[in-house]
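The values are calculated or read from the model by the stated rules, or taken from the named source; none is laboratory data. All of these numbers come straight from a predicted model, not from anything done at the bench. Virtual Cβ from ideal backbone geometry, glycine too; neighbours counted across all protein chains shown.
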Amino acid sequence: MVKKMCNSLKHGGPDDEGFYSDAEHKLVLGHRRLALIDLSPGGHQPMSYDKERYWISYNGELYNYIEIKAELVAAGYQFRSASDTEVILAAFAAWGTNAFKRFNGMFAFALWDSRAAVIYLVRDRSGIKPLYYSYTGSGLCFASEIRAFAAVPWLQHENKDWPVYLLAYGHLPEPVTTLQDVKPLPKGCFLRYNCAGANWDIEQFSFTGYTEKINNREGAKTAIRDMLSKAVQRHLISDAPIGVFLSGGLDSSIMAILAAKYQKATLKTLSIIFEEANYSEKKYQDLVINQLECANWQESLTEKEFQKQLPGIINAMDMPGCDGINTWFISKYAKESGLKAVLSGVGGDELFGGYPSFNRIDKVNWIEKLPAALLRSGRYSGSKKLKRMTYLSLGGAKGLYLFLRGQFSPVNIARQLGMSEGEVWNVLEVQPQLHPIDCLSSGNRASWIETNLYMQNQLLRDSDVMSMAHGIEIRVPFLDRDFVNLVQSIKSDIKYSGIFPKQLLIDSFVDILPEQVWNRPKMGFSFPFAQWMRNSEFVQDTMHGAGPAGTANFKKFSEGQMHWSQLMSLLLLNVRKES
């Protein structure tokens, strides 16, 4: 069964395969390897330590492993490999679960202590790497992708509510998955399962918080520049070829410029360009490329290629989400250009205020205080904005997010799914259960929801699944542990003020950035999706195949009454029904 689970994940770990079993405790660990640090057989997993007392199956990168290893060597711990995997094992042998909070990286791993008969499932503090698990009467099961659970006979019960969440959020917010009995391990947490007593618990080892200590703007700029430079340098650690995604926007340009400081001779940038002038950012990409004088790979993505690949891209999605196609293509080109890992600018918008939600949130503060009955009365209106306002009746971060970013209103979701509106509300009120954020400043409230809902459930999930579909690893220096701690300690009136969005980030690097890169309207990392989807035979056939409702939805989309991301969510629903 574990062999089948590993086979389903071969695309993300094409370099090696390994298994470990403990018959006495009925435990099996499987691993598919993407080799980036210590490419030798010494990096093979599952890996053992301390005379095979400890075993690990690990996905990710530990960016401070060299410093931790030096500390462990000084304390007398020995190593057989040059991998960061063995450092995790030795750190656990030295410090137990206290080791987890010392790790700066992206990681999801299962660590087995054979002497104590305890297994630990551990996920990084930002939730960059996914880790799904299920505990039932048949035992504990875990994997990096939901698709792996198809090999587990007792975990085939579908979560009947997932379509509601998809149409509301455009993705499935943690802890929701498509399977009834499978959920993600919360970020910054470890699950401890004791085989002897068949009991388990989850404990948080790390969390992020807004402290607002730094109140000097010049000091903040200096610290940002220094800390992000160090983060990028750490994220370049690799024994395999590594590059940078360069969209032409602010965040990716900063990534490329900083990376070139440390790897100019071997650095390669990757960019997508379009024949459609309104979407192509080639002139901005070229400004950075010419400044760096490094190798670059610019790939022209045509509508023909999009139409050819779209069915396969949707099949590559582990769980349904309305975005991620762009990441699939840029990862494909990374693979074709000979890279195995790339740096991405994900996180910059969430930390520094790059989205419209940061400007809108002040206007929402007084609206959300209205009585729930009054807010929900907007569902009778013909106005999309008033219908969306009904989400504020959910209260807290959930209502705020859905008001700002929700796809369909509850009344429309009910109509699409053949449910009553009351049933839709009942589902949305259950999950996700989120922390209160009323005590935060307006800017930090926007940052919290964008980080913990949009980035967590859409951007990071897309980055991992779509890159792993090509055996590529995406690294996100903006989410470096030390850098996030720094940014969240800056006063809100310093961090979010300015003429431009992300003004503080711009000012921190203004002397090394081409002015045209930051002094222009934000485009985002998008494709000419709307027109391409209108022309897609696959999209048309799928929607028309859904009957009169599907045909009506496609007609609305074709007439400009529905956003392409909304149609994508409906398309995914119909594709899943057919399969």
Query - Selected residue (criterion: surrounded by the most Cβ atoms within 10 Å (Cβ to Cβ)) from residues of the range 171-214 that are in contact with a Ser or Thr (Cβ under 6 Å, 6 or more places away or on another chain) and farther than 22 Å from Ala143 by Cβ - result: Ile214
Query raised in the report: Wholly within the range 1-107, which strands (runs of 3 or more DSSP E) include no fewer than the required count, namely at least 3 residues that are under 29 Å from the mean Cα position of the chain (by Cα)?
Result: 16-22, 27-33, 54-62
Requested in this report: Please work out if Phe92 is within 21 Å of Asn194 (Cβ to Cβ), crowded, with 17+ Cβ neighbours inside 10 Å and in contact (Cβ under 8 Å) with a residue 60 or more places away in the chain.
Outcome: no
**Report entry** Any pair with Cβ under 8 angstrom, 6 or more apart, that starts in the range 57-80 at a residue that is outside the structural domain of Asp239 (by TED's automatic domain parsing) and ends at one that is modelled with pLDDT of 95 or more and surrounded by fewer than 14 Cβ atoms within 10 Å (Cβ to Cβ)
**Finding:** Phe79/Val73
Query raised in the report: When you go through (1) buried (at least 18 other Cβ atoms within 10 Å of the Cβ); (2) in contact with a Gly (Cβ under 7 Å, 6 or more places away or on another chain) one by one for Glu473, which number turns out not to apply?
Result: (2)
Report task. Return only the number of the condition from (1) under 21 Å from Gly127 (Cβ atoms); (2) assigned by TED's automatic domain parsing to the domain that holds Leu27 that Asn199 does not satisfy. Result -> (1)
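Residues are listed down the side, and each one gets a yes or a no for (1) without any contact (Cβ under 8 Å) to a residue 40 or more places away in the chain; (2) outside any loop (DSSP other than H, G, I, E, B); (3) in contact with a strand residue (DSSP E or B) (Cβ under 8 Å, 6 or more places away or on another chain):
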residue: Leu339; (1), (2), (3): no, no, yes
residue: Leu351; (1), (2), (3): no, yes, no
residue: Val364; (1), (2), (3): no, yes, no
residue: Leu370; (1), (2), (3): yes, no, no
residue: Ala373; (1), (2), (3): yes, yes, no
residue: Gly382; (1), (2), (3): yes, no, no
Report summary line: With the first residue restricted to the range 445-472 and required to be within 29 Å of Asn359 (Cα to Cα) and in contact (Cβ under 8 Å) with a residue 12 or more places away in the chain, and the second required to be charged (D, E, K, R) and surrounded by fewer than 24 Cβ atoms within 10 Å (Cβ to Cβ), Cβ contacts under 7 Å at 6 or more apart or on different chains are Tyr454/Arg405; Gln456/Glu174; Asn457/Glu174; Gln458/Asp323; Asp462/Asp323
Query raised in the report: What do you reckon, is Ile512 in the same structural domain as Asn315 (by TED's automatic domain parsing), of a type outside the set (Ser, Thr, Tyr), in a loop (DSSP other than H, G, I, E, B) and free of Cβ contacts under 8 Å to residues at least 40 places away in the same chain?
Result: no
Query raised in the report: Any idea how many residues of the range 214-242 are at pLDDT below 95 and farther than 11 Å from Tyr63 by Cβ?
Result: 4
Report summary line: Exactly one of Gly399, Gly345 is among the small types (Gly, Ala, Ser), assigned to a loop (DSSP other than H, G, I, E, B) and over 30 Å from Pro548 (Cα atoms), and that one is Gly345
Requested in this report: From Tyr20, Tyr49, Tyr54, grab the single residue that is within 16 Å of Ala110 (Cβ to Cβ), hydroxyl-bearing (Ser, Thr, Tyr) and out of contact with any helix residue (DSSP H, G or I) (no Cβ under 7 Å at 6 or more places or on another chain).
Outcome: Tyr20
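Whether any residue in the range 157-166 is within 17 Å of the chain's Cα centre (by Cα), within 25 Å of Gly324 (Cβ to Cβ) and not assigned by TED's automatic domain parsing to the domain that holds Met317 is what I want to check. Talk me through it step by step, then tell me what you get.
Initially, the range 157-166 is screened for residues within 17 Å of the chain's Cα centre (by Cα), giving 166.
With the extra rule that they be within 25 Å of Gly324 (Cβ to Cβ), the set shrinks to 166.
Now drop any that are not not assigned by TED's automatic domain parsing to the domain that holds Met317, which leaves 166.
Yes: one or more hits.
Based on this model, can you work out whether Ala546 counts as over 30 Å from Asn359 (Cβ atoms) and either in the same structural domain as Met317 (by TED's automatic domain parsing) or assigned to a loop (DSSP other than H, G, I, E, B) (or both)? First the steps, then the outcome.
Details: over 30 Å from Asn359 (Cβ atoms): yes; either in the same structural domain as Met317 (by TED's automatic domain parsing) or assigned to a loop (DSSP other than H, G, I, E, B) (or both): yes.
So Ala546 fits the description; yes.
Filter the range 320-337 down to the residues that are farther than 27 Å from Asn452 by Cα and either of a type in the set (Asp, Glu) or part of a helix (DSSP H, G or I) (or both) and list them by number.
If we filter the range 320-337 for residues that are farther than 27 Å from Asn452 by Cα, which is where we start, we get 332-337.
If the condition is that a residue be farther than 27 Å from Asn452 by Cα and either of a type in the set (Asp, Glu) or part of a helix (DSSP H, G or I) (or both), then Lys332, Tyr333, Ala334, Lys335, Glu336 are the ones that fit.
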Query raised in the report: In the list His31, His11, which residue meets the criterion of being within 26 Å of Val342 (Cα to Cα) and either loosely packed, with under 15 Cβ neighbours inside 10 Å or out of contact with any strand residue (DSSP E or B) (no Cβ under 7 Å at 6 or more places or on another chain) (or both)?
Result: His11
